[in-house]
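Undergrad: Once you've had a glance at the structure underneath, I'll fire off some questions.
The values are calculated or read from the model by the stated rules, or taken from the named source; none is laboratory data. These numbers come from a predicted model, not from an experiment. When we count neighbours, we look across all protein chains shown, and the Cβ atoms used for this are built from the backbone with ideal geometry, even at glycine.
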Amino acid sequence: MVTQVTSFGRSGLYDWMVQRVSAVVLSLYTIFIVGYLVLNPELTYDQWSGLFETTWMRIFSLLTFLSIGVHSWIGLWSISTDYIKATGVRFFFQALCGLTMFVYVVWGVQALWGL
């Protein structure tokens, strides 16, 4: 039996499901933000700031940050295992992608929650 050490999930089906769910979250967030901007053409900083001060919006944004990280990790992992055959190069690429996504998520949480 061959195991996938660097895969996000336990199986390809699990990764597929996680990527689809994260895509739905990203789509809903995009639709909401675009809709909010369209419905508020003369948006002020106070309105925008007020939107992101609400707990539900912070949670929605946090879920979106996590979805970006998971979605991109699964996609980049799939691409790297398909196209990068050299083990060392693939490991370096995956480590760099993982570190970059971790930094982006932490940075997003810090900006969102003001930590």
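Undergrad: Report the residue count in the stretch 41-70 for those that are part of a helix (DSSP H, G or I) and either closer than 25 Å to M101 by Cβ or of a type in the set (V, I, T) (or both).
TA: Final tally of qualifying residues: 17.
Undergrad: Another question, then. Out of the stretch 24-54, which residues are surrounded by fewer than 10 Cβ atoms within 10 Å (Cβ to Cβ) and either touching a Leu at 6+ places or on another chain (Cβ under 9 Å) or polar (S, T, N, Q) (or both)?
TA: The answer is T44, S49.
Undergrad: I'd like to know if the stretch 96-110 contains one or more residues that are modelled with pLDDT of 90 or more, more than 25 Å from T30 (Cα to Cα), part of a helix (DSSP H, G or I) and over 15 Å from the mean Cα position of the chain (by Cα).
TA: yes
Undergrad: Where the second residue is not in a helix (DSSP H, G or I) and the first is surrounded by 10 or more Cβ atoms within 10 Å (Cβ to Cβ) and lies in the stretch 81-97, which pairs have Cβ atoms under 7 Å and are six or more apart or on separate chains?
TA: Note: pairs meeting the criteria are R90/I84; F93/I84; Q94/T6.
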